[in-house]
Every structure is written in structure tokens, then in C-alpha cells.
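Inspection log for the structure reproduced underneath, given as C-alpha cells.
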Amino acid sequence: MQTSVTPTHCPYCALQCGMNLTPEQDGGVAVVERPDFPVNRGALCSKGRTAPAVLSSRVRLTSPLVRNAGVLEPATWEEALARIADGLTRTRTEHGPDACGVFGGGGLTNEKAYTLGKFARVVLGTSQIDYNGRFCMSSAAAGGIKAFGLDRGLPFPLEDIPKTGCVILVGSNLAETMPPALRYFTELKANGGKLIVIDPRRTRTAEQADLHLAPRPGTDLALALGLLHLVVAEGRTDEAYIQERTSGWEETRAAAMAHWPELVERITGVSVPELRETVRLFCEPETAMVLTARGPEQQSKGTDTVGAWINLCLATGRAGRPLSGYGCLTGQGNGQGGREHGQKADQLPGYRKLDDPAARRHVAEVWGVDPDSLPGPGRSAYELLDALGTDIRSLLLMGSNPVVSAPRAAHIEERLKSLDFLAVADVVLSETAALADVVLPVTQWAEETGTMTNLEGRVLLRKQAITPPDGVRSDLDILHELAARLGVEKGFPKDPEEVFEELRRASAGGPADYSGITYRRLVEENGVFWPCPAPGSVRDAGSVRDVEGSEDSEDSALDVLPDDPAGDPADRATEPHHPGTPRLFLDRFATPDGRARFVPVTHRPLAEEPDAEYPVLLTTGRVVAQYQSGAQTRRVDELNSAAPGPFVELHPRLAERLGAEEGDSLAVVSRRGRATAPARITTSIRPDTVFMPFHWPGEGRANTLTNPALDPTSRMPEFKACAVRVERADRSAGRAV
Ligand SMILES: Nc1nc2c(c(=O)[nH]1)N[C@H]1C(S)=C(S)[C@@H](COP(=O)(O)OP(=O)(O)OC[C@H]3O[C@@H](n4cnc5c(=O)[nH]c(N)nc54)[C@H](O)[C@@H]3O)O[C@H]1N2
Ligand SMILES: Nc1nc2c(c(=O)[nH]1)N[C@H]1C(S)=C(S)[C@@H](COP(=O)(O)OP(=O)(O)OC[C@H]3O[C@@H](n4cnc5c(=O)[nH]c(N)nc54)[C@H](O)[C@@H]3O)O[C@H]1N2
Ligand code: SF4
Ligand SMILES: [Mo]
């Protein structure tokens, strides 16, 4: 046991709040405030504060489990690993490498995500790998790459927010999903800046806003086009900026002109005066930002919707300038890093593309394999899960609980059950792990070391603070052992720093270049923003030199770095010294010509519009005290008493039509299935919409209902809107609506 205070980071969301851990008598840890980390300055939400509860052995797995005669039973590591190697080998022999699937998670450290991607391509030789980040911010990533040539959630640090003139927050309930970040917006208002929140519900976040717009779910694209129409009509475009820094304006302008405010009012339910007021608040100050989260992104047109909001920023000169820009609030702990280093179906480390021959050569050289041996791009997350039991016969899953979190979850549950072989590595027996043939218990955040990249693109070191309990192993250890059993003895180290050193080389020259980052720097500098190239590393087009401008700017940046007084001089000479890149695009965008690209988009309806049979819209999301599928937070008493179970939020007018009262059990029925949960009646939601959080399995599982219609570019499912019917669960009283 270590005796001192360990500075580290929360195991949950993308804010990656800093916290100190101190050892307790019983071998556990206590969370203590860590004021020196700038993102949260000591503040934590209830989840972060109670995170050590999941470390305690009462709620976690401490032995591998294997299925014998249908029942999961404790087993030795030797037996469990041998069964997995056997299951995967058999599938590969009988059906070919692409019949082995791998599913990862945005909560995994960079080192794990990197190793998992390498394991799939090098050890299994499969193209079939993707991860839950596809369900998270993939539309924003696709939109960012289209317009700016690069995807980093926020192109500026959170500390810039209070200094801008106006922020439009589109479909983010950060008062519940990232509570310590609310401070940046209250400071914005205290400085005289304006906050506009766009959400079909009057959330705790919307309550803070100067202006709250409550559009019908799934209409953000039309809303953004309507605002752009008014910007043009009122002569508020920044013509000099459009000329100098963008391309493609004419086509976008024409599309916006077709979206008259009155038409947009009809589509969205947001009135013309509200649209005008939004444009006034956004355009009057010198600087302004648009930030999107899952509301507008988790739609079957999420990529175009993000494009429409970026277009608004570009037309008004509010991107790639100080204190102005478009950003996406990434969600999972390592939602950012997890999408950069190769667990995504189309990707190689450093945010390189798997179908780019130069990228394949570079990474293959680092991995010591033939570039031609690397498989091509595979299926996206939902498509991969949907192919289980047919094209994909065996699955290795790490860091996700799709039985609760995937769209059309009852179908995905069936797919998982139809596999020849399923192995799950988790800290608890999640609903997905409970279906597995082999379950491997893994170490948790405070018991292991690794890097995370937060929503600002700030790479952080999460440090081991305590010794893990007997019986658990790290994900890296597991991949090392499995690789060896599948015939690859080298290249899968258990030590995270060794993996990071390789990741640095693999990412060097790519868009997400980590080659200048070391564990030591992460400790000394409290995190480093990517891109951070090592001096002398060769860069691909679209990477840091393109992003940052001339070579001179990098050299001058090197000059201003302070010497490390404590460091060994010999070390210092070899230490990479790029300062990192807190702010992107200030000189040029990461496109070949350095200009941001307007994205031509037009409104289209939901994949499933309400009709006579399913007349109401269901939207889904989160509550403050539960995290994601709830696998971790449902095992913490304090969080469970704060948020004990699912509910259906509905407007009093809808409740009245149903004859339902507060707490009555309601059935919500969609074309995919039926879920039941108590009514929570509130005027804070639109009368045509009901809301369910998705944190629970069983009867109240929101994802029994959701529509897996996918965005054509990002392959994001339409979590945020599907057509449902609502009825009293007992059916004896009231009517269906
Ligand atoms: N407590 C808690 N915090 C979390 C998480 C958690 O599970 N629990 N998860 C983390 C992760 S991975 C993520 S991705 C983030 C997500 O963070 P957020 O995006 O803030 O979370 P959501 O609740 O999914 O969605 C935000 C809002 O979108 C609104 N919305 C629904 N439909 C629409 C629409 O069509 N348009 C618009 N404009 N808004 C709409 C919802 O009413 C909701 O208030 O949170 C992170 N933080
Ligand atoms: N209806 C609806 N559905 C949604 C959403 C929505 O808004 N509405 N949001 C979507 C979004 S944004 C997301 S991000 C997904 C998330 O949904 P999931 O992918 O299910 O996310 P988690 O519940 O965080 O699952 C992580 C699992 O990995 C385990 N775990 C944690 N850390 C580690 C680790 O280091 N190693 C290993 N091996 N396991 C670990 C946890 O115990 C847990 O079982 O849900 C999506 N689903
Ligand atoms: S806001 Fe996110 S990172 Fe911060 S304590 Fe809460 S869950 Fe953890
Ligand atoms: Mo997410």
C-alpha cells in the first residue's frame, strides 16, 4: 500500500476531474479535493465523490468465471484464458478471421484502446472491431473532419468559455452530465456573456440560460438553417472572413435561403421571434461559440446537423479565432483518446485512416508486420452487434455493456446469445457479462496507471493509488496473455508506460500526434494538449504543421518552454519539448488548403416520424446520479438512493389525456418493444415528447424502444427520437396516446 496522497482523475466522464486519493486503514482509498487541477479546481459530482465504492470487493468480480453446463462458475485464470484462446481459434479456423469480433469502449485508457486495436488487427487478423464511442460523439467527429479536416472535441480549453460573448449550447444537459463544468457558464454570465440552451426539455442546464429554445426532437438541423437564413437576411455574415478562411459558401447560402423562418417555426416549434433573438444574441458580441452534445448528434442526421451548426459559425466568422469556435462536448472518460488510437472500425493510431496506404505502412512498421497483413475497415458498432451469431461467431468485449446501452437492445441481447463464444472483461457482472462464456475480472482506475484524453484534448495521467485485490488482472495483462496463447509472443506489453512509448511512435506524424508527450511531462505539466509532436517527427498532410501553420511557429514555441530545473541534464537534452496545442485552427484549418469547408446540408425528417399508431416522440438521456448502462453506479448505495430507477417524464397535458397521475406505471411502446416505468409529470417537457433515462436494464430499459436507424456517415443510431405510444401499464384505466 502506498502511504502518500496520489493525484489522479475520476473514472467516469470526459471532464476527467482531478482528485486526490488517500489510503484508508482497510486498504481502500478516500477521495480528497485536488484544487490544483484547472478543469474542475477541486469540484466533483456525486459520482466522482463516491467512485471508491466500486473498488470495494463486495460489488466487484475477483475471480474469472467460465460457463459450465449453462452456469457461470469461478475458474482459474489459466482455464479462463485457455477457453478464450480456444474459442477464438476455433472460430478463426472454421469461419475465417473476420468471424472474430472485438468491441471496445471509450472509458478504456489510451494504452488499452491502442492495444485492443492492435490485438484485433495483428493477433486475430480481423477487420471486425468497433466500440461504444460510435454511439457517443461519432457524428460530431464526422462533422468536424468534414468542415475543419480534424476532429478534436473542443478546439480550445474550457477556460476560454467565460471570456466569450455568447454560447449556444445545443442538446447538452451539462448541469447533470458534467456538473463541475457549469461553473464556466455561470462565469460567462457573470462576465456579461449570454447563454442560449437548445433542448426539448427545460433541464437544470436550460434553467441557467438567458434564452431557452425547446424544439421538437430531431429538428436541430432545420433550426440551425433557419438561424443561418436570418443571419444572411439581416446582413450579419462576416464576408471578409468567409473570403479569407472558408470555401463552399455559395451552395450553403442557397440552402439556408430555402429555410424561411416561418417554415423553420413549423418544423421545430421554435417561434420566429425566438429565432431572431437567438441571432441577435449570437451575432452582437465580438466573439461567440456553439457547443453541441448528444441531443443534436444522436440522430440519423447527426453529421449533417453538426455541419449546419458549424456553417452558422463559419458564416459569422466564429471559428479558428480566439474565444470563438465550434466544439463538441465529448462524453466518456476517454471518449476523445478512445477515438484516436485504433479501436474504431476504420482507424489506425494517431487518428490515421486504415484505408490510407501511407498510414498502413507507418503503423505496420511500428508493429513490425507487413502492411498488407493489416485488414481493411470493418463494420460500425450497431452493424457489428447486429451481425453477431451470423457473420461474426465469437466476440471479445472490453469496456461496454450493450445489453443496456445499444439501440433496439432486446434484439442485440438475442444476437449476443446466439454467438458461438462470448468473452467479456469487466469489473462487475454487467448484464452483458452475465451472457458470456468467460468473464474476466479486471483492475479499476485507482489500481492501475494509464493515460486519458479529456474533452478538451488534454492528455492526462491517471495514476495507480492502491494495490488491486487478489484475483484481478489489468486489461493489458489479459491482452498480453491472449496474444501469447494465440501465437504472438512479442508486442503486447503489460506495462502501460511501455505501451505509451509505442503509441507515441505509432501516432507520430498523424493528426492526433502524441509523440512529444511522456508520462513525466503529464505529471509535471498537469496534462498536455495534442497535437504534441516530438521535434523532428515527420508529419502527414493535415497533421500538426498544417494545423499550426509555419514551421517557425513550432520552433518559437519550443524556445518559450521553461527548462526543467529538477530534471537530469542528459534527460533534458532528449526530452521532447513541443508545448502541446491548447487552441487549434488559429492560423489555418487542417484541410489541404487551410480553409474551413462549408457543408451543404438540408433538413430531412426523422427516420421514424409519429403516426396514428405511435403518436408521441420518445427521447432519451441521462440523470446526474447514474452513469451510462449503470453497471458501476447502480452498485453505489448513495447514487441508487438518489436515482433508484427508470421513469417516464411527460407533460401534464399528455398525462391528463392518459388519465395518469404521478408515479403511475406507464407502458411506452415502440415498433421494437415495450418498456414500463413510473410517470414523472412535469411542465418542463414538450407535450408531444416523453423522456426516459437509459441507465437501467429490465422492464424499464429505454433501449428496448429506441430506433437503430443509422446516420449514413457516422453510423450513429437515432437514440434521441423515435415514435412511441404511451399507455397506462395496467390498461384498466385511461387511454393510450
Ligand atoms: N450523470 C451522467 N453524466 C454523464 C454520463 C452519464 O451517463 N451520466 N455520460 C457521459 C457521456 S458518455 C456522455 S456522451 C455525456 C452526454 O451528455 P449530454 O449530451 O448532456 O446528455 P444527454 O442527457 O444524453 O442529452 C442531453 C440533452 O439532449 C436533450 N435532447 C434530446 N433530444 C434532443 C434533440 O433532438 N435536440 C436537442 N437539441 N436536444 C435534445 C435531452 O433532453 C438532454 O437534456 O454525458 C457524460 N456524463
Ligand atoms: N437510449 C440511449 N442509449 C444510449 C445513449 C443515450 O443517450 N440514449 N448514449 C450512448 C452513449 S453516448 C454511450 S457513451 C453509451 C455507453 O454505454 P456503455 O458502452 O454500455 O457504457 P458503460 O455503461 O460505461 O459500460 C462500460 C462497461 O465497462 C466496464 N468498465 C469500466 N471500466 C473498464 C475498464 O477499464 N476495463 C474493462 N474491461 N471494463 C471496464 C463497466 O463496468 C461497464 O460494464 O451508451 C449509449 N446508449
Ligand atoms: S463531472 Fe465527470 S469527471 Fe467530474 S466527478 Fe463527475 S463524473 Fe467524474
Ligand atoms: Mo457517450
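The values are calculated or read from the model by the stated rules, or taken from the named source; none is laboratory data. Nothing here was measured: the structure is a model prediction, and the numbers come from that model. Methodologically, a virtual Cβ is constructed for each residue, glycine included, from the backbone with ideal geometry; neighbour enumeration extends over all protein chains shown.
Structure data summary
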item: Pair list, Cβ under 7 Å, 6 or more apart: the stretch 7-22 residue closer than 16 Å to Ala53 by Cα and without any contact (Cβ under 8 Å) to a residue 40 or more places away in the chain, other residue within 13 Å of ligand 2 (Cβ to nearest atom) and hydrophobic (A, V, I, L, M, F, W, C); result: Met19/Cys10
item: Sole residue being surrounded by 24 or more Cβ atoms within 10 Å (Cβ to Cβ) and not assigned by the TED database to the domain that holds Val403, chosen from Ala141, Ala113; result: Ala141
item: Single residue of Leu429, Leu435 found to be at pLDDT 95 or above, surrounded by fewer than 20 Cβ atoms within 10 Å (Cβ to Cβ), farther than 20 Å from Leu15 by Cα and within 24 Å of the chain's Cα centre (by Cα); result: Leu429
item: Set Gly18, Gly27: member being away from ligand 2 (no atom under 16 Å from the Cβ) and over 30 Å from Gly457 (Cβ atoms); result: Gly27
item: Single residue of the stretch 168-202 satisfying the filter (among the polar types (S, T, N, Q) and within 15 Å of ligand 2 (Cβ to nearest atom)) that is farthest from Cys283 (Cα to Cα); result: Thr177
item: Conditions (1) within 16 Å of ligand 2 (Cβ to nearest atom); (2) modelled with pLDDT of 95 or more; (3) over 25 Å from the mean Cα position of the chain (by Cα): number failed by Ser56; result: (2)
item: Given (1) over 23 Å from Thr689 (Cα atoms); (2) out of contact with any strand residue (DSSP E or B) (no Cβ under 9 Å at 6 or more places or on another chain); (3) not in a helix (DSSP H, G or I), number of the condition Val279 does not satisfy; result: (3)
item: Filtered residue count, the stretch 279-298, keeping only those that are more than 16 Å from ligand 4 (Cβ to nearest atom) and surrounded by 24 or more Cβ atoms within 10 Å (Cβ to Cβ); result: 4
item: Verdict on Thr91 being surrounded by 23 or more Cβ atoms within 10 Å (Cβ to Cβ), at pLDDT 95 or above, hydroxyl-bearing (Ser, Thr, Tyr) and closer than 30 Å to Lys490 by Cα; result: yes
item: Selection within the stretch 352-395 - without any contact (Cβ under 8 Å) to a residue 24 or more places away in the chain and of a type in the set (A, V, I, L, M, F, W, C); result: Leu354, Ala364
item: Criterion: hydrophobic (A, V, I, L, M, F, W, C) and either within 20 Å of Thr268 (Cβ to Cβ) or assigned by the TED database to the domain that holds Val428 (or both) - qualifying residue of Leu666, Leu658, Leu639, Leu618; result: Leu618
item: Boolean, Gly378 is in a helix (DSSP H, G or I) and not assigned by the TED database to the domain that holds Ile242; result: no
item: Qualifying residue in the stretch 92-108 (condition: under 29 Å from Val499 (Cα atoms) and free of Cβ contacts under 8 Å to residues at least 24 places away in the same chain); result: yes
item: Members of the stretch 186-200 that are buried (at least 22 other Cβ atoms within 10 Å of the Cβ) and farther than 10 Å from Cys166 by Cα; result: Val197, Ile198, Asp199, Pro200
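For (1) within 15 Å of ligand 2 (Cβ to nearest atom); (2) crowded, with 22+ Cβ neighbours inside 10 Å; (3) modelled with pLDDT of 95 or more, each residue gets a yes or a no:
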site	(1), (2), (3)
Lys301	no, yes, yes
Gly320	no, yes, yes
Tyr326	no, yes, yes
Gly335	yes, yes, yes
Lys344	yes, yes, yes
Tyr351	no, yes, yes
Pro371	no, no, yes
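Conditions tested, residue by residue: (1) at pLDDT 95 or above; (2) farther than 27 Å from Asp151 by Cα; (3) over 28 Å from the mean Cα position of the chain (by Cα); (4) away from ligand 4 (no atom under 16 Å from the Cβ).
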residue	(1), (2), (3), (4)
Val472	yes, yes, no, yes
Arg485	yes, yes, yes, yes
Val488	yes, yes, yes, yes
Arg504	yes, no, no, yes
Thr518	yes, no, no, yes
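This table checks each residue for (1) within 16 Å of ligand 2 (Cβ to nearest atom); (2) without any contact (Cβ under 8 Å) to a residue 12 or more places away in the chain; (3) not in a helix (DSSP H, G or I).
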position: His212; (1), (2), (3): no, no, yes
position: Arg236; (1), (2), (3): no, no, yes
position: Glu244; (1), (2), (3): no, yes, no
position: Ala256; (1), (2), (3): no, no, no
position: His259; (1), (2), (3): no, no, yes
